[in-house]
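Just below is one structure, and these are the notes that go with it.
The values are calculated or read from the model by the stated rules, or taken from the named source; none is laboratory data. For clarity, every value in this text was computed on a predicted model and none was experimentally measured. Note that each Cβ is placed from the backbone with ideal geometry, even for glycine, and that neighbours are counted across all protein chains shown. These accessible areas exclude ligands, DNA and RNA; they are computed on the full protein's heavy atoms, side chains included. Shrake-Rupley method; radii C 1.70, N 1.55, O 1.52, S 1.80 Å.
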Amino acid sequence: QVQLAESGGGLAQAGGSLSVSCAASGRTFTNFAMGWFRQAPGKEREFVAAVRWSGGVKYYKDSVQGRFAISRDHANNRVYLHMNNLKPEDTAVYYCAAGLESITLEDEFHYIYWGQGTQVTVSS
């Protein structure tokens, strides 16, 4: 059974930092791209960041560029999102997702596997 399990997150003050991680299991994720999406209350889920299997190609939502960093650990089937200079508008449930290497990374409908999400709350 394929599982993506997010952990981390929690509460931070504006300007602070948090990290979330995602542990993938149940199959090999060789040649899979990994992404992070988020959904704030009353809003649609949106793309945050993604990284291809090669690791050298990373994409970010414009509003998090320079503040967030995505990385992955192939050996342990993990992907991380390090979030700095957090803003209240970053408050959301953050989801990890996996899709084939060649997908359009910003498009959630291209992802095959999804985690259950982890809450990130940023206070002003």
**Complete:** Reported to the nearest 10 Å², R27 has, with a 1.4 Å probe, an accessible area equal to 100 Å²
**Request:** Name the lysines eligible as straight-distance cross-link partners of K43: C-alpha to C-alpha under 21 Å, and not fewer than 8 places from it in the same chain.
**Result:** K61, K87
**Message:** Let's see if you can work this out: charge +1 on each Lys and Arg Cβ, -1 on each Asp and Glu Cβ, no other charges. What is the dipole magnitude of the chain about its Cα centre, in debye to the nearest 20?
**Reply:** 220 debye
**Message:** When the expected Rg is taken as 2.2 N^0.38 Å, what fraction or multiple of it is the alpha-carbon Rg of the chain?
**Reply:** 0.97
**Message:** If DNA, RNA and ligands are ignored and the probe is 1.4 Å, what is the ranking of D107, D90 by accessible area, most exposed first?
**Reply:** D107, D90
**Prompt:** How would I112, I103 rank on accessible area, largest to smallest, probe 1.4 Å?
**Reply:** I112, I103
**Message:** Contact order normalised by length for the stretch 1-92, with contacts defined as Cα pairs under 8 Å and 6 or more residues apart; what percent is it?
**Reply:** 31 percent
**Asked** In the neighborhood of G9, defined by Cβ-to-Cβ distances under 13 Å, what is the net charge if each Lys or Arg adds +1 and each Asp or Glu adds -1?
**Response** -1
**Request:** Over the chain, give the accessible area per residue in Å² for a 1.4 Å probe, as an integer.
**Result:** 50 Å²
**Asked** Which percent of the accessible heavy-atom area of the chain goes to carbon and sulfur, probe 1.4 angstrom?
**Response** 47 percent
**Item:** Around K58: net Lys/Arg minus Asp/Glu count, Cβ-Cβ under 14 Å
**Value:** +1
**Taking the stretch 80-124 and dividing mean pair separation by its residue count, relative contact order in percent (alpha carbons under 8 Å, at least six apart)** = 50 percent
**Asked** Between the DSSP loop rule and a limit of at most 16 other Cβ atoms within 10 Å, which GluC sites (Glu not before Pro) in the stretch 31-124 are left?
**Response** E44, E101, E106
